[in-house]
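Trainee: To start, I am sharing the structure in question, which I have written as structure tokens.
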Ligand code: FES
């Protein structure tokens, strides 16, 4: 097992090659609901629940680095969680993504 895998704050997601570009994917990490998205070869992780009301962002669409809420179409930048447009001004929390040996992990620490 790699050095990264032994750090227990890391949550395994998938192989990098298995994560599709601009296809948001829900990740349940313990009690946390996150969304992982890939754009331009980079993987990002943000909170999976919209900051406006209750909506699972993995049910929305992604266009380039823009993640859209399926309920009222808030748009978040998945790279930094910031609000691009919509009925909320509350950004999403972001999480560090670690890629080692083609494996993708989220740092929950
Ligand atoms: S719940 Fe996401 S924009 Fe309203």
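The values are calculated or read from the model by the stated rules, or taken from the named source; none is laboratory data. Keep in mind it's a predicted model, so treat the numbers as computed, not measured. Methodologically, a virtual Cβ is constructed for each residue, glycine included, from the backbone with ideal geometry; neighbour enumeration extends over all protein chains shown.
Trainee: Do any residues in the range 78-104 that are within 17 Å of residue 41 (Cβ to Cβ) have Cβ atoms under 7 Å from those of residues that are at pLDDT 95 or above and in a loop (DSSP other than H, G, I, E, B), where the two are at least six apart or on different chains, and which pairs are they?
Mentor: 78/65; 79/65; 104/19
Trainee: Next question. Quick test of your reading of the structure: residue 16 fulfils all but one of (1) closer than 25 Å to residue 101 by Cβ; (2) in contact (Cβ under 8 Å) with a residue 24 or more places away in the chain; (3) surrounded by 19 or more Cβ atoms within 10 Å (Cβ to Cβ). Name the failing condition by number.
Mentor: Condition not satisfied by residue 16: (3).
Trainee: Output the residues belonging to the range 78-109 that are closer than 16 Å to residue 24 by Cβ, within 14 Å of the ligand (Cβ to nearest atom) and either touching a helix residue (DSSP H, G or I) at 6+ places or on another chain (Cβ under 7 Å) or outside any loop (DSSP other than H, G, I, E, B) (or both).
Mentor: 84
Trainee: Restricted to the range 29-55, and to residues that are outside any strand (DSSP E or B) and within 16 Å of the ligand (Cβ to nearest atom), which residue is nearest to residue 18 (Cα to Cα)?
Mentor: Going through the range 29-55, the residues outside any strand (DSSP E or B) turn out to be 30-31, 40-41, 48, 50-55.
If we keep only those that are within 16 Å of the ligand (Cβ to nearest atom) too, we end up with 48, 50-55.
Working: 48: 20, 50: 25, 51: 28, 52: 30, 53: 30, 54: 28, 55: 25 Å.
Residue satisfying both the conditions and the ranking: 48.
Trainee: Turning to a different aspect of this structure: For the range 56-65, name all the residues that are surrounded by fewer than 17 Cβ atoms within 10 Å (Cβ to Cβ) and either farther than 12 Å from residue 35 by Cα or away from the ligand (no atom under 13 Å from the Cβ) (or both).
Mentor: Our first condition is that a residue be surrounded by fewer than 17 Cβ atoms within 10 Å (Cβ to Cβ); within the range 56-65, this holds for 56, 59, 61, 63-64.
If the condition is that a residue be surrounded by fewer than 17 Cβ atoms within 10 Å (Cβ to Cβ) and either farther than 12 Å from residue 35 by Cα or away from the ligand (no atom under 13 Å from the Cβ) (or both), then 63, 64 are the ones that fit.
Trainee: Oh, and also: Can you find, within the range 66-77, the residue that is farthest from the chain's Cα centre (by Cα) among those that are touching a residue at least 24 places away in the same chain (Cβ under 8 Å) and more than 8 Å from the ligand (Cβ to nearest atom)?
Mentor: 76
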